[in-house]
Amino acid sequence: MSILHLVRTSAYQHDDLAQCLQLFNDQIDAIVLIDDGCYNLTHSLLANIEKKNIFAIYEHCDARAMIVSSNQEAISLAQLTKLFFSYDSVITWQ
Amino acid sequence: MTKLQKNSIAVLNARSAFDGNEGKEALDVALIFGSYEQYVSLFFQGEGVRQLIKGQQANLINAKDYLATFSALEFYDVENIYACLTSLEQRNLAADFHINNVNVLTEQEFSDKLRQHKTVLRF
């Protein structure tokens, strides 16, 4: 069963992302970085996760001056709504 | 692929026993779903595993002893309780719990078991 993981906190301050990655299945899951979760774009915890499985809300990144690299997908909140329907379940990590 | 339990709910605990009200709220949610005979499971990961450890004394810090209410889970047929082995080991905690029937699972088993639930609520 595929899961869309919404990560809303910075891994530099909380361990939500680390716990998320304990459950993460890189074959079928994806991560969306929301709010302070955008700070995780450059965190070492995500270094080994395939970039095609990582999304970030671009408004939230721009607000924090976080640059989304070309191989990471920046999406809008409207696109996030569509993304929900591509996965069986959603977990919010906050 | 693991089998999905229809309309099943996983309550994923990630906070220690007295770090905010999340632990009590998660337990309340599990008991409410249980009282309506819904299929509900409790998961403990990260600091959440501390909620299970035996010998806690909430009265010493003037906190409500909601941990005692865990014993009500079996009356509501909430029998699926899972703790993350890695989280226990990282904290040097033994599997010495104040409730029975806690299943200690490896990370992979924990992940697989969680995926059998349609809805995951994290506290």
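The values are calculated or read from the model by the stated rules, or taken from the named source; none is laboratory data. Note that the structure is a prediction, hence the values are computed from the model and not measured. Heads up, the Cβs are rebuilt from the backbone with ideal geometry, glycines too, and the neighbour counts pull from every protein chain shown. Note: areas computed on protein heavy atoms with side chains; ligands, DNA, RNA excluded. Shrake-Rupley method; radii C 1.70, N 1.55, O 1.52, S 1.80 Å.
Before moving on, here are some points about what is shown:
- Complete set of residues in region A:69-94 that are open to solvent by 60 Å² or more (accessible area, probe 1.4 Å), among the hydrophobic types (A, V, I, L, M, F, W, C) and not in a helix (DSSP H, G or I): A:Phe85
- Region B:35-56, subset open to solvent by less than 10 Å² (accessible area, probe 1.4 Å), in contact with a Ser or Thr (Cβ under 8 Å, 6 or more places away or on another chain) and within 14 Å of chain A (Cβ to nearest Cβ), residue farthest from A:Gln94 (Cα to Cα): B:Ser41
- Residue tally, condition under 17 Å from A:Asp15 (Cα atoms), of a type outside the set (D, E, K, R) and within 14 Å of chain A (Cβ to nearest Cβ), over region B:1-34: 5
- On inspection, A:Ala74 fails the criterion of being within 21 Å of B:Phe123 (Cα to Cα) and either within 14 Å of chain B (Cβ to nearest Cβ) or in contact with a Phe, Trp or Tyr (Cβ under 7 Å, 6 or more places away or on another chain) (or both).
- In region B:57-89, the qualifying residues are those that are within 16 Å of B:Leu42 (Cα to Cα) and open to solvent by 100 Å² or more (accessible area, probe 1.4 Å), and the one that is farthest from the chain's Cα centre (by Cα) is B:Phe75.
- Taking the criterion of being outside any helix (DSSP H, G or I), open to solvent by less than 70 Å² (accessible area, probe 1.4 Å) and modelled with pLDDT of 90 or more, the residues of region A:44-68 that qualify are A:Ala47, A:Ile49, A:Ile54, A:Phe55, A:Ala56, A:Ile57.
- Number of positions in region B:1-34 that are in contact (Cβ under 8 Å) with a residue 12 or more places away in the chain and open to solvent by less than 60 Å² (accessible area, probe 1.4 Å): 18
- Selected residue (criterion: nearest to A:Lys82 (Cα to Cα)) from residues of region A:1-23 that are assigned to a loop (DSSP other than H, G, I, E, B) and open to solvent by 30 Å² or more (accessible area, probe 1.4 Å): A:Arg8
- Pair list, Cβ < 8 Å and 6+ apart or interchain, from region A:63-76 residues that are closer than 15 Å to A:Gly37 by Cβ to residues that are of a type in the set (D, E, K, R) and open to solvent by 80 Å² or more (accessible area, probe 1.4 Å): A:Glu73/A:Lys52
- Residue check, A:Val68 more than 14 Å from every other protein chain (Cβ to nearest Cβ), touching a strand residue (DSSP E or B) at 6+ places or on another chain (Cβ under 6 Å) and within 26 Å of B:Phe44 (Cα to Cα): no
- Apart from one condition, A:Leu33 fits all of (1) touching a strand residue (DSSP E or B) at 6+ places or on another chain (Cβ under 6 Å); (2) within 13 Å of another protein chain (Cβ to nearest Cβ); (3) among the aliphatic types (A, V, I, L, M); the exception is (2).
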